[in-house]
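Everything on this sheet refers to the single structure shown next.
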Amino acid sequence: MDILKRNKAPFSEAIWSTLEEEAQAVFAKHLTGRKVVDFDGPHGLAFSSVNTGRVTSAKEKLGGASVGVRESLAVVELKVPFEIKESELELLMRGANAFDAEPIVKAARALCDAENSLIFDGFKKAGIGGIVESLEQKPVKVKGDDILPGVAEAVKTLANDQVEGPYALLIQPQYYAKLFSVAGNAGYPLTKKLSELLQGGEVITAPALSKGAMVMSLRGGDFEILSGMDIGMGYQKETSSGHELFLFETLTFRIKTPEAAIALEW
């Protein structure tokens, strides 16, 4: 059975496409983690775990044999429901160019927040570690509002540890303004200087980041999303005023090289 159950929806594929376009616009902007980590998949809905190659020794024995338990990363399911009113669907059926997309936008943003949280903070119940807690490098202290020396030091530290670029600067929104508050360095000149320091990499606002900022290598092979079923939109049920739909995906996250990122702190 199709887990998205779209065939139960009383509307056409054309309307599905319109709804999905609204969600995709949110994903393109707010799936921050996907901008800086590798993406492997999708491997299908039955994909349920990832072998880590590690073995934990158990205290108990079976007969005269010692026991080793193989470790794996569990795949988690993320699901966010939302409702589209019948009146809004009727607008689309009549060919309207605009409708109330707020429920889709809110649901899509919630899914982005969940995926970003998995990547940066992990999910202990599934044995998934996040980038922030895995950091092995000593944080770089930023003095005042001038972030350039801190970025330069972070890049130098990574390069000295054989972590090649290009690099990305991820920064919380409240600190983003600091980038352009340095006297004489506002606007394009500062953007150009950062691009040079990051070896062509990007500056990315990251609301999910629990630390002030982070410099990460974009060389690939260090951090990885493993996708079972990539984000899809499905049909749940009819409601008293419309239809309940949902966004759904399955994934896990693996850290291969924790030294490929370094935090900046104020």
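Among the residues of the range 198-221 satisfying the criterion of being in contact (Cβ under 8 Å) with a residue 60 or more places away in the chain and of a type outside the set (A, V, I, L, M), which is farthest from H43 (Cα to Cα)? Looking at residues that are in contact (Cβ under 8 Å) with a residue 60 or more places away in the chain and of a type outside the set (A, V, I, L, M), I get G212.
Given the condition in contact with a Cys (Cβ under 8 Å, 6 or more places away or on another chain) and either on the phi > 0 side of the Ramachandran plot or among the aliphatic types (A, V, I, L, M) (or both), answer yes or no: does some residue in the range 72-94 qualify? Checking the range 72-94: not a single residue is in contact with a Cys (Cβ under 8 Å, 6 or more places away or on another chain) and either on the phi > 0 side of the Ramachandran plot or among the aliphatic types (A, V, I, L, M) (or both).
In the range 207-247, the residue that is farthest from T257 (Cα to Cα) out of those that are within 12 Å of the chain's Cα centre (by Cα) and modelled with pLDDT under 90 is P207.
Being acidic (D, E) and in contact (Cβ under 8 Å) with a residue 40 or more places away in the chain is a property that E133 lacks. Which residues, taken from the range 89-129, are of a type outside the set (A, V, I, L, M), surrounded by fewer than 20 Cβ atoms within 10 Å (Cβ to Cβ) and part of a helix (DSSP H, G or I)? E90, E102, P103, K106, R109, D113, S117, D121, K124, K125, listed by residue number. Looking across the range 59-98, the residues that are small (G, A, S) and closer than 30 Å to G228 by Cα come down to G68, S72, A74. Could you tell me whether the range 10-28 includes any residue that is at pLDDT 95 or above and not in a helix (DSSP H, G or I)? Within the range 10-28, none of the residues are at pLDDT 95 or above and not in a helix (DSSP H, G or I). When you look at E77, is it in the same structural domain as E21 (by TED's automatic domain parsing), surrounded by fewer than 19 Cβ atoms within 10 Å (Cβ to Cβ) and assigned to a helix (DSSP H, G or I), yes or no? No; evaluated as a whole, the condition is false for this residue. Of the numbered criteria (1) in a helix (DSSP H, G or I); (2) in contact (Cβ under 8 Å) with a residue 12 or more places away in the chain, the one D146 fails is (1). Here E136 meets the list (1) outside any helix (DSSP H, G or I); (2) within 25 Å of the chain's Cα centre (by Cα); (3) closer than 29 Å to V26 by Cβ almost entirely, failing just condition (3). Determine which member of the set S217, S210 is surrounded by fewer than 19 Cβ atoms within 10 Å (Cβ to Cβ) and hydroxyl-bearing (S, T, Y). Only one candidate passes the filter, namely S210.
Against the test of being closer than 23 Å to S134 by Cβ and of a type in the set (V, I, T), the options I231, I204 yield a single qualifying residue, I204.
The values are calculated or read from the model by the stated rules, or taken from the named source; none is laboratory data. Everything quoted here is computed from the prediction, not taken from an experiment. Note that each Cβ is placed from the backbone with ideal geometry, even for glycine, and that neighbours are counted across all protein chains shown.
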